[in-house]
Structures are given as C-alpha cells and as structure tokens.
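S.K.: Got a structure here, written out as structure tokens. Questions coming.
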Amino acid sequence: MEVQLQTRGKERSVAGRAQKFLVVDDHPLVRHGFALSVGEIHPDAQVLEAGSLDEAMAIADRTPDLTLVLFDLNLGDRSGRDGVRRMVEVLGNRPLLVISGSDEVADIVDSVRLGARGYILKTSSTAVLEHAISLALTGETFLPLPRAVLSGNVAAEVARPSGQILDRLTDRQRDVFQLLLAGHSNKEIARELGVLEGTVKVHVRAIMQKLGVRNRTQVAVVAARSGCFPEEA
C-alpha cells in the first residue's frame, strides 16, 4: 500500500507511481461523470471504470495497487448491500466509498457497517467528493450528516444526551468538537489549530468518552440531537 502525502487537501503518491481509482456504476453517463471529477481532483491518477459488480471485482483482482473505489449502491446486476459486502471483501484494506442517490438512513448506516469508508450522495459537489476521498485515504470515514438524517435512527444505540454538550468540554475540546462536526480529519484539525495530530487524537478520545460514544458518527448524532450541529453541515 502506497504512503500518501497530503498537499493542499489532495493526496499524492510518494513512490512516484500513479494512483489508480475505480468508479463502479451501471449508468455510463453517471460513471463517466464521476471519473472525470476524480480526474480533476487527482490529475495524475489513472481512473478505471466498471459497469457491473463482476467487472469491478475482476479489475480489483488484477489491480493490487488500486488506490480507492467509488461504488454505486444499487447496481443493475447486484443490488444494494450484497454488492458492497462482496466488493469490500475483494478489496481488503483498499478503501471503498459508496455513491448513491439514496439518503435513506438504513442505506448509509448499513454501507458503513459493511466496511465502506464513506457514503457520497450523487447530488454532492465535487468539493464534497474531494473531501470524502481525502478522508478515506487517511483512514477516516466520510458520511453525509444532514440534520434530517442524524435526527433519525442512524444510531439508535446512542442515548439522548443530558445537559449541554459544550458544558462538558474544555475550551480546546470545544474547538476540536466543532471541527470534528464539520467533517475535518485529525490532520486537518491539527493544521487548523496549530497542534500535533497526536494531540488531536487525545482530544477526540476524550470527547467520545465524555459523550459516551464510540466513533465520529455517534458524536455527530449526539450533536444533532442536542441542537448544536453546525449550521453549515
């Protein structure tokens, strides 16, 4: 697996080898549109395309240095979750981002539970796509977190918070919390606050402990239910 360097929000290979992305969608125009967008974000990358699950799995098998896959949730030949599960199994540690026109809570949650590194709505902008890819390449998970989604059943296991969230956090933890909700990775938060990434990780763990949650998605759920989710989210 190639080591990545982050430069102005974009990932570049330090090994001198071109990154390889795969876009999987059974609608040619949609697929090609995503491929063009990925090419604009990573102009030196090779962007492959597949119109079916079988074709995508075959490409993944013969391309061990595949960087990332964008995978349509509802392919014509293999619908929904089974396709995501099988593709994730074939990819192993190589990240997969689901792309979909559905903003149903169950689709988002199940995709991540099946191993996707994120979920991108097809109505999203190129900037959102770029951010999602950047997070996935650094081991983070991107989710569309509109208030309407988060206020639903996205994480029923998360208890409704008691008291004000921000009252439980230190001033620095509040800064990290707001950037966390805005979807920034640990590296981006560290850069924004002028601290080490390890320091950010410590703050993130402390925030999760204080809120009684286990991951970033649940942090956002608690924030949405408490009415303190940022307006721009």
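S.K.: Can you figure out the FRET efficiency of ASP82 with THR199, using R₀ = 25 Å and their beta-carbon distance, to the nearest 0.05? Numbers along the way, then the final one.
M.R.: Numbers: r = 41 Å, r/R0 = 1.66.
Efficiency at R0 = 25 Å is approximately 0.05.
S.K.: Could I ask something else about it? I'd like to check one number: the per residue accessible area of the stretch 58-108, probe 1.4 Å, reported in Å² as a whole number. Kindly include the intermediate steps, with their values, before the conclusion.
M.R.: Details: 2100 Å² over 51 residues.
Here the residues of the stretch 58-108 average 41 Å² of exposed surface.
S.K.: Going 7 Å from the Cα of ARG168 toward and past its Cβ, which residues in the stretch 177-209 have a backbone nitrogen under 15 Å from where you end up?
M.R.: Zone members listed by number: 177-178, 204-209.
S.K.: Further, regarding this structure: Can you compute the modelled spin-label distance between ALA18 and LYS122, with each label point 7 Å from Cα toward Cβ, in nm?
M.R.: Computed distance between label sites ALA18 and LYS122 equals 2.7 nm.
S.K.: Can you compute the FRET efficiency between ALA58 and LEU36 using 1/(1 + (r/R0)^6), with r the Cβ-Cβ distance and R0 = 25 Å? Round to the nearest 0.05.
M.R.: Once the sixth-power term is evaluated, E becomes 0.65.
S.K.: Follow-up. How would you rank 116-126, 18-28, 201-211, highest first, on the average number of other Cβ atoms within 10 Å across their residues?
M.R.: My ranking of the peptides, most packed first, is 18-28, 116-126, 201-211.
The values are calculated or read from the model by the stated rules, or taken from the named source; none is laboratory data. Keep in mind it's a predicted model, so treat the numbers as computed, not measured. Every residue, glycine as well, gets a Cβ built from its backbone with ideal geometry; the counts of neighbours run over all protein chains shown. Protein only, heavy atoms only, side chains kept; ligands, DNA and RNA dropped before computing areas. Shrake-Rupley method; radii C 1.70, N 1.55, O 1.52, S 1.80 Å.
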